[in-house]
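Taking it in order: structure first as C-alpha cells, then the write-up.
Read the figures in this text as sums done on the coordinates, not as results from a lab. Please read these numbers as outputs of a predicted model, since none were measured by experiment. For neighbour counting, all protein chains shown are included, and Cβ atoms are generated from backbone atoms with ideal geometry for every residue, glycine included.
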Amino acid sequence: MSIVKKSKFDIGRTILMFSLLSLMVLLGNAQGIESFTRAPSPLYRDPMYDGAADPALIWNREESGWWMLYTARRANQEVPDVAYCYGCDIGVASSKDNGKTWVYRGTLNLNIEPGRNTFWAPDVLYYQGKYHLFVAYIQGAYSHWGGEKRLAHYTSTDLWDWRFYGFIQIDSPSVIDATLCQMPDGKWRIWYKDESRGSVTMTAESEDLFSWEIEKNPAIGGAGHEGPKVFRFQDSYWMLTDEWHGMRVYRSKDCKTWEKQGLILDGPSKRADDTPSGAHGDVLVTKDREGKVEKAYVFYFTHPGREKHTAGKLDQNGVLPYAQRRSSIQVAELKFADGKLTCNREEDFDFFLPNPEALK
C-alpha cells in the first residue's frame with residue numbers, strides 16, 4: 001500500500017517538475033523573441049497582384065515607420081507573354097514593427113498623361129526636406145518587351161502626393177533602374193541601366209538632383225545586366241548588379257573605379273519562396289537594435305515557381321503560367337570579411353530595422 005502511495009507522489013512530483021521546466025523554456029523563448037527576430041520568408045507578397053518586384057526602402061518621417069516601394073507586377077492576370085509586367089503601378093507596403101510584418105497600403109498616383117501607363121523599379125531618397133522618387137516610365141502597356149523607357153523624377157513632402165518634375169535628359173531611348181548615392185563633397189551620382197548600349201550601367205552627376213551631367217563611358221560594362229544598387233558599408237562603396245542568376249558585387253573607394261568581385265544570391269535556398277536566385281533589389285545600411293554595430297540588409301525578389309530566374313515557357317495560348325509569373329520579396333544579411341562582401345541567405349540573422357531618427 002505504501003509503495004503505491006509513493007509512486008503516486010513521485011509521479012506528481014515529476015509532473016510538477018516537467019511543468020516548471022516547460023514554463024522556463026517558454027519564458028526563455030519569449031525573451032529570445034524579444035532579442036532575436038528571424039526575418040519572415042517570404043518577407044512580403046503583394047495581396048492584390050502577387051507580383052511584387054524591385055523593392056526600395058525608405059523611412060517615412062510622417063508615419064514614423066518603414067515603407068517599401070516596389071514594382072507591382074500584375075502576376076495574377078492571365079495575359080499574353082510579359083504583359084503582366086506592363087501597366088504596373090508602384091506599390092506601397094509599410095511596417096510599424098521594425099520590418100517584421102508588412103501591410104499593403106495601395107499604389108502611388110504618378111500618372112502624368114491620360115491612359116494606362118507603366119512604372120518600374122523605383123528608387124527613393126530624402127534630401128533637404130523633400131522625398132525624391134526616380135522611376136522608369138513607359139507610355140502605355142505592351143504584350144512583349146518594348147516601348148520607350150525614360151527616368152522620371154518626382155518630389156513629395158509626405159510620400160503620398162507626388163509632383164512630377166520631369167525626365168532626366170539622357171541620350172538614349174531605353175533607360176531604367178536608377179540608383180542614387182550622395183558623395184562626400186555633397187554632389188549626387190546616379191547609375192542606371194542603358195538598354196541601347198547593351199544593357200550596361202551608365203552614370204551621371206548632379207549638385208541638386210535636378211540637373212545632370214551625363215558621363216559618356218559606362219560605369220560598369222561587360223555582359224548585360226540590370227538593377228544597379230550603390231551603397232556605402234564598412235568604409236567602402238559597393239555596387240550590386242542583377243545578372244539574372246544572382247547579383248554581382250563591385251567595390252570602390254570613390255564610386256568611379258570599381259573592383260569586380262563574386263556573386264551573391266546566385267543559388268537557391270531552403271527558405272520558403274527563396275528560389276531560384278535573388279534579383280533586382282535594395283540595400284539598407286543601418287545599426288543593430290542597440291545602435292552600435294553597422295549592419296546591411298539586402299532586399300530582393302524571387303520567382304519561386306521557376307527553375308531559373310529567366311526560365312518560363314508560354315502555354316498554347318501564349319500565356320506564362322501563374323506559378324512562373326508570381327514573385328516574392330525576401331531579405332538577407334550582408335557581411336563583410338577579408339575585403340569581400342558575402343551573403344548566406346539560409347543563415348539565421350537578427351532582422352531588426354531601427355528608427356533611424358533615434359540613432360542620430
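A straight chain from Glu215 to Ser156 at 0.36 nm per residue would run longer than the Cα-Cα distance by 18.5 nm. The alpha-carbon of Lys340 sits under 15 angstrom from the alpha-carbons of these aspartates and glutamates, leaving out residues fewer than 8 places away in its chain: Asp235, Glu259. Using alpha carbons only, how many angstrom separate the centre of region 42-72 from the centre of region 259-312? Between the Cα centre of region 42-72 and that of region 259-312, the gap is 15 Å. Please label the shape of region 89-143 as rounded, prolate or oblate, based on the square roots a ≥ b ≥ c of the eigenvalues of the alpha-carbon gyration tensor (a/c under 1.5 means rounded; beyond that, a/b larger than b/c means prolate, else oblate). Here region 89-143 falls in the oblate category. Which of the three applies to the chain, rounded, prolate or oblate, going by the alpha-carbon gyration tensor with a ≥ b ≥ c and a/c under 1.5 meaning rounded? Taking the square roots of the gyration eigenvalues as a ≥ b ≥ c, the chain is prolate. Between Gln234 and Arg38, residue separation times 0.36 nm minus the direct Cα-Cα distance comes to 68.2 nm.
With respect to the cross-link table entries Lys256/Lys335; Lys260/Lys335; Lys187/Lys253; Lys100/Lys360, which display a Cα-Cα separation exceeding 19 Å? Where the Cα-Cα span goes over 19 Å, the pairs concerned are Lys256/Lys335; Lys100/Lys360. Under 18 Å from a point placed 7 Å out from the Cα of Thr101 along the Cα-to-Cβ direction: which residues of region 63-77 have their backbone N that close? Taking a point 7 Å out along Cα→Cβ of Thr101, the residues of region 63-77 whose backbone N falls under 18 Å are 64-68.
Magnitude of the charge dipole for region 39-342, about its Cα centre and with charges confined to Cβ atoms of Lys, Arg (+1) and Asp, Glu (-1), is about 560 debye. Estimated purely from DSSP H runs of n ≥ 4, each contributing -39500 (n - 2.57), the mean residue ellipticity at 222 nm for the chain is -3500 deg cm²/dmol once divided by its residues.
Taking one quarter of the surface of the C-alpha convex hull of region 256-360 gives a mean projected area of 9.5 nm². Using the alpha-carbon atoms, what tilt in degrees (0 to 90, nearest 10) does helix 2-35 show relative to the longest principal axis of the chain? Roughly 20 degrees between the two axes. Assuming charge only on the beta carbon of Lys and Arg (+1) and of Asp and Glu (-1), the dipole of region 249-360 about its Cα centre is about 300 debye to the nearest 20. In this rough spin-label picture, where each label sits 7 Å from Cα along the Cβ direction, the Lys253-Arg163 distance is 4.2 nm. Is the C-alpha gyration tensor of region 105-230 telling us rounded, prolate or oblate? Criteria: a/c under 1.5 is rounded; beyond that, a/b larger than b/c is prolate, otherwise oblate. Oblate, since a/c reaches 1.5 and b/c is not below a/b. Extension gain, Lys130 to Thr342, is 73.0 nm, computed as 0.36 nm per intervening residue step minus the present C-alpha separation. Each Cα pair under 8 Å and six or more residues apart adds its sequence gap; the mean of these over the residue count of the chain is a relative contact order of 15 percent.
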